[in-house]
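Here the structure is laid out as structure tokens; the discussion comes afterwards.
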Amino acid sequence: MRIDILTLFPEMFRIFDESIIGRAKSKGLFEINAVNIRDYTLDKHKSVDDAPYGGGSGMVMTPQPLFDSIAHVKTNNSGKVIFLGPKGRKFDQRLAEELSKEEELIFLCGHYEGIDERAYSVIDMEVSIGDFILTGGEMAAIPMIDSILRLLPGVLGKDESSQEESFTEDLLEYPHYTRPEDFRGMKVPEILLSGHHENIRIWRRYMMLKATREKRPDLYRRHVLSKDDQKIIRKFEEQK
């Protein structure tokens, strides 16, 4: 996968040189480039914003550097142009999975009060990470890109790792434990020490269902209970 990020602050994306994502990048599992929008301005001051027509507070990103930077990136990247903005589709695991199947993507990070409305003519998709205000699109792009990259084959080392995590099927993840078995009187559940893989699987599945029902009922209502899920719930809740 190739990802180009159009931004006023390219140095912020050095974070993708670190940790698991950084190791995957060094192996050539994906290519990611941060492109400075200011490099495409036409005036000596490298201006990218101006006062809004009609008055109002704040500044608006001007169309020329947006159009020209997108056009330049498009010469090497034919992917969708994704704008990080509040009016877009809400980002979730489903969208991460959809976008992870693309070969190329372009992310546009806005700033100030937003972008000139005419720039939407060269944008394919607007995406929001939630109903709250950020100082810039970079803050939204980083978690979004991370969630996409970790779904690529080989990035996590074990492809099945991403399949068992929270939200992959509208369920929260089961609890995790490691050594020691007894920490300050808090013990690891005996079933995890049993070595019985099927019983452990069933317990973990129940814990996923239980946690989602209690902590994220909105997700639980969306999840379609399989016959196995129903059987597992009955098994544990009849024991109470």
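The values are calculated or read from the model by the stated rules, or taken from the named source; none is laboratory data. Keep in mind that what you see is a predicted model, and the values were worked out from it rather than measured. Because the Cβ atoms are built from the backbone with ideal geometry, glycine has one as well, and the counts that use them run over all protein chains shown. For accessibility, only protein heavy atoms count, side chains too; no ligands or nucleic acids. Shrake-Rupley method; radii C 1.70, N 1.55, O 1.52, S 1.80 Å.
In segment 116-145, the residues that are under 16 Å from Met59 (Cβ atoms) form Cβ pairs under 8 Å with partners that are among the β-branched types (Val, Ile, Thr), at six or more places apart or across chains, as follows: Asp116/Val60; Asp116/Thr62; Gly137/Thr7. Among the residues making up segment 18-42, those that are over 17 Å from Gly157 (Cα atoms) and either touching a Lys or Arg at 6+ places or on another chain (Cβ under 7 Å) or open to solvent by 60 Å² or more (accessible area, probe 1.4 Å) (or both) are Glu31, Ile32, Arg38, Asp39, Leu42. Restricting segment 185-232 to residues that are modelled with pLDDT of 95 or more and acidic (Asp, Glu) leaves a set whose member that is least open to solvent (accessible area, probe 1.4 Å) is Asp229. Applying a threshold of 6 Å to beta carbon distances and a minimum spacing of six or more residues, or different chains, the list of pairs starting in segment 203-229 at a residue that is part of a helix (DSSP H, G or I) and ending at one that is aromatic (Phe, Trp, Tyr) and surrounded by 17 or more Cβ atoms within 10 Å (Cβ to Cβ) reads Arg204/Tyr174; Met207/Tyr174; Met208/Tyr174; Thr212/Tyr220; Arg213/Tyr220. What about Ser166, is it at pLDDT below 95 and under 30 Å from Gly110 (Cα atoms)? Judged against the criteria, Ser166 is a match. I need the full set of residues from segment 88-115 which are open to solvent by 30 Å² or more (accessible area, probe 1.4 Å) and under 24 Å from Thr62 (Cα atoms), in order please. Selection gives Arg89, His111, Tyr112, Glu113.
Among the residues of segment 65-87, those identified as at pLDDT 95 or above and surrounded by fewer than 17 Cβ atoms within 10 Å (Cβ to Cβ) are Phe67, Asp68, Ala71, His72, Lys74, Thr75, Asn76, Ser78, Lys80.
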